[in-house]
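Asker: Just dropping this structure here.
The values are calculated or read from the model by the stated rules, or taken from the named source; none is laboratory data. If you're wondering where the values come from, they're calculated on a predicted model, not measured in any experiment. Quick reminder, even Gly has a Cβ in these numbers, built from the backbone with ideal geometry, and neighbours come from all protein chains shown. What goes into the accessible areas is simple: the full protein's heavy atoms, side chains included, and nothing from ligands, DNA or RNA. Shrake-Rupley method; radii C 1.70, N 1.55, O 1.52, S 1.80 Å.
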Amino acid sequence: IKFLEKHWRLLCNDIRTGTIDSQITDQSVSEAVMKILKPDPKLADFIEAECSKDSWQGIITRLWPNTKYVDVIVTGTMSQYIPTLDYYSNGLPLVCTMYASSECYFGVNLNPLCKPSEVSYTLVPTMAYFEFLPVQRNNGVTSSISVPKTLNEKEQQELVDLVDVKLGQEYELVVTTYSGLYRYRVGDVLRVAGFKNNAPQFNFICRKNVVLCIDSDKTDEVELQNAVKNAVNHLLPFGATLAEYTSYADTTTIPGHYVLYWELSLSGNTPIPPSVFEDCCLTIEESLNSVYRQGRVCDKSIGPLEIKVVEPGTFDKLMDYAISLGASINQYKTPRCVKFAPIVELLNSRAVSSYFSPKCPKWFPGHKQWSNNN
């Protein structure tokens, strides 16, 4: 849809004239399209009339009125796109049909028309041999910073078979596949949501890796997304929404601090005051776990959180760069944390403004909390 927003005029011209724009340089693509493309001024006028309107709300159903649902992934951190999808699709059902990765297919959603927040996947035991490593989460955050793809001896002894998982428990998925992967750690954290007959059903929770870490703090992608979700509410009165974001643990400063790169989508003309972005910084910090806030307030081991607003199209550039290095265009997802120096340089080069948290978040030592309760 974003691509269509940028290029619909070229599309209309091609449909109206029955030609291919010179920007399409792949000869095989041009030849394939020209075999079926005929001038259709009526269709071009229809597309132009819809795309030239002030609002693109419901553009999917306006251009494709027979659309019944949108086939997407909106579990885990992908849930950030739900409001945007609802806006463009006029509230069509968002259907998550299957759970899969590059390694193999895992399972299916037996209730595809459920709400995105209720999506669970029933693993199909013939797809691979599934085992589960119990996950312990402190303050809602997984305990390890990086996840090796192999299991140590202790972890192998802790593995649980598919038939032995417990309702409500969280596990890291481990697979042995027909193609030769043996006890391979997929890196996903799943929670047992229920059972279909005797087959367990799982909610996707997050990736195992911790996203950000400066000192003893650990912030995973779920916690980060919830914090960002709370913060962007400050932008709504100005007609602004968050199009994309990523993060970086900047240890080049003393003390180190979290940096969030935000690309905004602006629908209003009211400028956003710097104080609003500072409020966003503070709201994110207030939403993070107590270990982070202790590092900010008491230990002074973590510096004020920073938001860098980047130019429109920055995350498209990031995707192009990742694909140029060999990433799959079909599997690409915006990374929620970046560490690779060239990517950080790319983001910094496109930053147009920077804001810091104006004060420390609230944090109280445990014994003071107990005394207050007494």
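Asker: Just how large is the dipole of the chain about the Cα centre, in debye to the nearest 20, putting +1 at every Lys and Arg Cβ and -1 at every Asp and Glu Cβ?
Answerer: The dipole magnitude comes to about 400 debye.
Asker: Let me ask you something else. Quick one: with all protein chains in place, what share of the accessible area of the chain is carbon or sulfur, to the nearest percent (1.4 Å probe)?
Answerer: Solvent-exposed carbon and sulfur of the chain make up 54 percent of the total.
Asker: Where does the range 227-374 land on Rg(C-alpha)/(2.2 N^0.38 Å)?
Answerer: 1.17
Asker: Could you order 185, 62 so the one with the most accessible surface comes first? Probe is 1.4 Å.
Answerer: 62, 185
Asker: Now for a different question. Which whole-Hz couplings ³J(HN,Hα) result when phi for each residue of the range 301-307 is put into the Karplus expression 6.51 cos²θ - 1.76 cosθ + 1.60, θ = phi - 60°, listed in order with x for Gly and Pro?
Answerer: 8, 10, x, x, 5, 10, 10
Asker: Shifting gears a bit: How many angstrom lie between the C-alpha centres of the range 105-123 and the range 156-193?
Answerer: Rounded to whole Å, the Cα centres lie 17 Å apart.
Asker: Roughly how many Å is it from the Cα centre of the range 255-272 to that of the range 3-64, as a whole number?
Answerer: 32 Å
Asker: Over the range 36-101, with the other protein chains present, what is the accessible area per residue in square angstrom, probe 1.4 angstrom?
Answerer: I get 57 Å² per residue for the range 36-101.
Asker: Which residue fluctuates the most in the chain, going by a Gaussian network model with Cα springs under 10 Å, if the choices are 56, 64, 262?
Answerer: 64
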